[in-house]
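Okay, structure first, notes after.
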Amino acid sequence: MISVLVADDQDLVRAGLVALLRAAPGFDVVGEAADGHQAVQLAASTRPHVILMDICMPGLDGIKATRRILTEATRPDRPRVLVVTTFDIDEYVYHALRAGASGFLLKQTPASRLLAAIETVAAGDVLLSPTSTRRLIEAFTPALPSSPYDSSPHLSVLTSRELQILTLVGQTLSNDEIALHLHLSPATVKTHLNRAMTKLNLSSRAHVVALAYEVGLVTPRRATG
């Protein structure tokens, strides 16, 4: 069973999502939140596998709530956050990914796709293509610092192999592609990546990509011609 917390300030939308999940096999609704503060509290008390998070909510918006939930939770109990919103705005998507969300869907998404999306993020995958993730992060990441990335104190906790794999993930390579590139097994790549994410308190693969750009492990591609 995939346990799900639903956070949305619109009563009808929230009730519809809850009814959909309760009618579908394999899902267990463990809580309903009408704002970001309730979402933070319920996430801590119910420890859901996945949180369906609206962005625009009173008091504490969904992006800030996502950041608090994922910062306060500890691995392996950290939930996956799937943002479900009315607004198809790249800036919202970027900030949600930077906060640690694992995916993004519009509220008009068909029910079957929503259920599949919950299963996808519950399994640890990101619900955005690598190309879309990279485009968003390149578009919205602020100017990179002039100092070399290896002077960043928080990266010093990584081994050379973890740093190498983090850089390749930042280039949006899959674990299989990284394994081929480094002559390792995919399982070994996954182990190194999980250790690096734990050390840096990163909650999703998209979060890794964002960090890689921000600290200079990967640089934005420049337009030519």
Considering only the range 23-54, state which residues are over 21 Å from Asp125 (Cβ atoms), touching a residue at least 40 places away in the same chain (Cβ under 8 Å) and not charged (D, E, K, R). Thr46
Only one of Leu168, Leu182, Leu202 is closer than 21 Å to Arg80 by Cα and among the hydrophobic types (A, V, I, L, M, F, W, C); which? Leu202
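Is the range 21-38 home to any residue that is within 17 Å of Leu106 (Cα to Cα) and surrounded by 16 or more Cβ atoms within 10 Å (Cβ to Cβ)?
Initial filter on the range 21-38 (within 17 Å of Leu106 (Cα to Cα)): 21.
This time we only want the ones that are surrounded by 16 or more Cβ atoms within 10 Å (Cβ to Cβ), so: 21.
For the range 21-38, residues within 17 Å of Leu106 (Cα to Cα) and surrounded by 16 or more Cβ atoms within 10 Å (Cβ to Cβ): present.
For Arg75, indicate whether it is basic (Lys, Arg), at pLDDT below 95 and outside any loop (DSSP other than H, G, I, E, B).
Values: basic (Lys, Arg): yes; at pLDDT below 95: yes; outside any loop (DSSP other than H, G, I, E, B): no.
Spelling it out, it is not the case that Arg75 is basic (Lys, Arg), at pLDDT below 95 and outside any loop (DSSP other than H, G, I, E, B).
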For residues in the range 194-225 being under 16 Å from Ser102 (Cα atoms) and of a type in the set (A, V, I, L, M, F, W, C), which is nearest to the chain's Cα centre (by Cα)? Ala206
Residues located in the range 141-166, provided they are in a helix (DSSP H, G or I), at pLDDT 90 or above and of a type in the set (Ser, Thr, Tyr): Ser160
Do any residues in the range 152-174 that are over 24 Å from Leu136 (Cα atoms) have Cβ atoms under 9 Å from those of residues that are at pLDDT 90 or above and assigned to a loop (DSSP other than H, G, I, E, B), where the two are at least six apart or on different chains, and which pairs are they? Arg161/Leu184
Output for the range 1-57, where each listed residue is assigned to a loop (DSSP other than H, G, I, E, B) and among the aliphatic types (A, V, I, L, M): Met1, Ala24, Ala34, Ile55, Met57
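The values are calculated or read from the model by the stated rules, or taken from the named source; none is laboratory data. Bear in mind the structure is a predicted one, so any value in this text is a computation, not a measurement. Neighbour counts run over all protein chains shown; Cβ positions are idealised from the backbone, glycine included.
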